[in-house]
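Undergrad: Please read through the structure below; I'll follow up with questions.
Here, each number is a calculation from the coordinates, and none is a lab measurement. Remember, it's a predicted structure, so these values are computed and weren't measured experimentally. Every residue, glycine among them, receives a Cβ derived from its backbone with ideal geometry; neighbour counts consider all protein chains shown.
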Amino acid sequence: MTEKLQKTAITPATHTAPPAKFSHGVKKGNILQVAGQVGFGPAVLGQAPAPVGPGLREQTLQTLRNVQSVLEEGGASWEDVVMVRIHLTDTGHFAELNEIYNEFFADLKEVPAARTTVYVGLPAGLLIEIDALAVLG
């Protein structure tokens, strides 16, 4: 009989508690799934989360930092990421996103697979959401 792997929820100190019954990340065995992250700045006690700015660049960089903090809390890095899913709210943002993405990952040895889609439904003021799947070891 095989031993069942423990599932561990991950919420970095920089993140607010999720508004519903879900986690910012979940690790089970050598798999780490980072839930969709957005461009909210670091958590401030007693304040609701807010976007770091109105533009795609600042929101994308903050979103990537938020994904990275979940990865690090779970013992992973961008080098462990095998898939990144990006959700934009505007098709006009594709070119700018690609430029920001390429700059952010310029030093990454092996880039992950990625998928970008456009959809509506993010909270007001948010332009991007990113989730990631990492495999450790």
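Undergrad: Reported to two decimal places, what Rg/Rh ratio describes the range 70-137 when computed on Cα atoms with Rh from the Kirkwood expression? Don't skip to the end; give the middle numbers.
TA: Details: Rg = 13.0 Å, Rh = 13.1 Å.
So for the range 70-137, dividing Rg by the Kirkwood Rh gives 0.99.
Undergrad: Follow-up question, since we're still on this one. Which FRET efficiency, nearest 0.05, do E96 and V118 yield, Cβ-Cβ r, R0 22 Å? Provide the component values of the computation, followed by the final result.
TA: Numbers: r = 13 Å, r/R0 = 0.61.
About 0.95, to the nearest 0.05.
Undergrad: When the helices in the chain are scored as -39500 (n - 2.57) per DSSP H run of 4 or longer and the sum is shared across all residues, what 222 nm value do you end up with, to the nearest 500 deg cm²/dmol? Before the final figure, lay out each step's value.
TA: On the way: 2 runs with 29 residues, N = 137.
So the helix-based figure for the chain works out to -7000 deg cm²/dmol.
Undergrad: Please report Rg (one decimal) and Dmax (integer) in Å for the Cα set of the chain.
TA: Taking only Cα atoms of the chain, I get Rg and Dmax of 15.1, 53 Å.
Undergrad: Mind listing the phi-derived Karplus ³J(HN,Hα) values for the range 71-83, rounded to whole Hz, using 6.51, -1.76 and 1.60 with θ = phi - 60°, and x for any glycine or proline?
TA: 4, 5, 4, x, x, 10, 9, 4, 5, 8, 6, 9, 8
Undergrad: With +1 assigned to the C-beta of every Lys and Arg and -1 to the C-beta of every Asp and Glu, and no other charges, what is the dipole magnitude of the chain about the Cα centre in debye, to the nearest 20? Walk me through the numbers before you get to the answer.
TA: Working: 10 positive and 14 negative charges, 118 e Å.
Rounded to the nearest 20 debye, it is 560 debye.
Undergrad: Under 8 Å for C-alpha pairs, at least 6 residues apart: give me the relative contact order for the range 36-135, rounded to a whole percent.
TA: Numbers: 166 pairs, mean separation 39.8, N = 100.
Normalised by residue count, the contact order of the range 36-135 is 40 percent.
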